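Novice: Got a structure for you, written out below as C-alpha cells; questions coming shortly.
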Amino acid sequence: MSGAYQFENMFTILKALATLTRLNYNIRSQDYRAGLANVCQLTGLMGRWQKVHSYPDIICDTGHNVDGIEYIHVQLNAIHKTFDQEIHIVFGMVNDKDIRGVLRALPKYATYYFTKASVKRALPENELLALAEEAGLKGTTYPTVVEAVQAAKKELPPQRPYLRGRQQFHCRRFVSEPRYTRSPLTHPLAELLRQPPNVPEKLRRNM
C-alpha cells in the first residue's frame, strides 16, 4: 500500500508482530514480508493512495479523519509544488465524522467536486459545499460520484495529472462493486477507467 501515513502504520504492525512472537506464535520473517508486499491482493483492501488511471492520474484515498487528511495534504503539497501540478479532488463525507475539521485540513488551492455516495450516512453534496465554503474551499456539486469524476476528467488534460477520490465508500464504488472485497470492475465508473490513457504525443514517442 502507498501513502505517507503507511510509515506510522508499519510501526504498529511491527510492534504487533513482536508481541505475537513473544506469545510463541510462529511467524517467520519471510511470511510477514510476503504479507506486507501483497496486502491489497490478500485482503481486497482498496483506496490507500491507489492509482487507478493514468494521463490524467486518478488516485483514490480513503482518508476520513483529520490526521489522515493532514498526511494526504503533505503529499499533495509535494506534488503541487514540485511538479507545478493543479490538484482536482472528488470529495464526499459521511455525516458522523469531524466534517469541519477535515475540511479545514484540505488544501485551499485545489479544485473540488463535491458529491455523495449512495449510502444512508452520506452527507448531501449541497450541505458539504456550504461547509466547505466556510473553510475557504471552492468547488461545484454533483449528485453522484460517477458524475463528479466525469466532470473532473473533462477539466484535466494529460499534462495535468492529479485527481483524487476520497472516502472509502467512494473508492469502493470507484473501482469495484460496493463491497470492497470484490475486485471486478463492474461499476459504471469502471468504463471510465477502462478507457486507454490519453498519453501526450511527446511522451508516446519515448515509450
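Novice: Can you compute the modelled spin-label distance between Tyr109 and Glu155, with each label point 7 Å from Cα toward Cβ, in nm?
Specialist: Simple spin-label model gives 1.6 nm for this pair.
Novice: Can you work out the FRET efficiency for the pair Thr43 and Asn95, with r the C-beta to C-beta distance and R0 = 45 Å, to the nearest 0.05? List each step's numbers first, then the result.
Specialist: Details: r = 27 Å, r/R0 = 0.61.
Efficiency for this residue pair is about 0.95.
Novice: Please give the FRET efficiency for Thr19 paired with Asp67, using the beta carbon to beta carbon distance and R0 = 30 Å, rounded to the nearest 0.05. Mind showing how you got there, number by number?
Specialist: On the way: r = 23 Å, r/R0 = 0.78.
E(calc), rounded to 0.05, equals 0.80.
Novice: For Lys153, go through the lysines and keep the ones whose alpha-carbon is under 29 Å away, minus same-chain ones fewer than eight residues off.
Specialist: Hits, sequence-local ones excluded: Lys51, Lys81, Lys97, Lys108, Lys116, Lys120, Lys138, Lys202.
Novice: Determine the gain in length on full extension of the stretch Ile27-Ala78; use 0.36 nm per residue of separation and subtract their C-alpha separation, reporting nm with one decimal.
Specialist: 14.6 nm
Novice: What ranking do Val102, Val52 get, fewest neighbouring Cβ atoms within 10 angstrom at the top?
Specialist: Numbers: Val102 24, Val52 20.
Ranking Val102, Val52 by Cβ neighbours within 10 Å, fewest first, gives Val52, Val102.
Novice: What is the Cα convex hull volume of segment 1-148 when expressed per residue in Å³?
Specialist: Working: hull volume 21.4 nm³, N = 148.
In segment 1-148, the Cα hull volume divided by residue count equals 144 Å³.
Novice: Right, something else. By how many nm would the segment from Lys120 to Phe11 lengthen if fully extended, with 0.36 nm per residue of separation less the alpha-carbon distance? If you can, show how the numbers build up before the last one.
Specialist: Values: separation 109, 0.36 × 109 = 39.24 nm, distance 3.48 nm.
Gain on extension, Lys120 to Phe11, equals 35.8 nm.
Novice: Return Glu155, Glu70, Glu125 ranked ascending by Cβ neighbour count within 10 Å, so the fewest neighbours appear first.
Specialist: Working: Glu155 13, Glu70 16, Glu125 23.
So the ranking, lowest neighbour count to highest, is Glu155, Glu70, Glu125.
Readers should treat all values here as calculations from the given coordinates under stated rules, not as data from a laboratory. In this text, all values refer to a predicted model and were calculated from it rather than measured experimentally. FYI the Cβ positions are ideal-geometry reconstructions off the backbone, even for glycines, and counts take in every protein chain you see.
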